[in-house]
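What follows is a set of notes on a single structure, which appears directly below.
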């Protein structure tokens, strides 16, 4: 076989006859070596002195809890500080809000109007009879134990509303009206004028007796004392104070 370890193996054809081998004459003799040129001597250099050693910090051996030389440290007393709640932080003082000034207080005006309407309606329901009977002025005069008075003539444009006329509990009720405007009369026996419920009172003299005209719940009203008859007058629907004065001054007793 060929030796493939040789750098340049040569293949041999084994079918050819083998050539005669001739060994070398002196196999142990080495090839002659040509002497090399001697190099010039080099100067001897002294080695530098060694540097001083740097001192190293001592190494403390680490002893674990599994080492035979491990000694546990003695327990130390633990000083516990009592808990102290943090001091409360001062709160900043609230800043005052700027007051908004409205040139026209709508809510106050609306509240005042609502109160006036309620009081006016209350005065009307107090003055009107509890039951509608539709009595005429002659029938009311006959039922009354006192002198019965009614406007003669009524203010311009007003007419009697007879379906609202009634007599109840010794008191007479009747009404005159013009559209949505109504003047309600309530008559009963009395000896005092009792006009304290009227605001802005004005005293006038009527054919029947002394009268006071003023306002109740924003609506014109009046009190009349004619002999032993006390007459209370209330209005609804925006009746003018002049119409009330005209109606009061035209009161006459029914014969």
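Only the coordinates and a few stated rules stand behind these numbers; no lab work does. These figures come from a predicted structure and were not determined experimentally. Using ideal geometry, Cβ is built from the backbone for each residue, glycine included, and neighbour counts are taken over all protein chains shown.
Side notes on the structure shown:
- An ellipsoid equivalent to the range 129-187, defined through the eigenvalues of its Cα gyration tensor, has semi-axes of 19, 13, 9 Å when rounded to whole angstrom and sorted largest first.
- Tail fraction, Cα-Cα pairs, the range 118-253, threshold 21 Å, whole percent: 33
- Contact order relative to length of the range 118-253, as percent, for alpha carbon pairs under 8 angstrom and 6 or more apart: 27
- Ranked packing of 224-237, 181-194, 150-163, most packed first, by mean Cβ within 10 Å: 224-237, 181-194, 150-163
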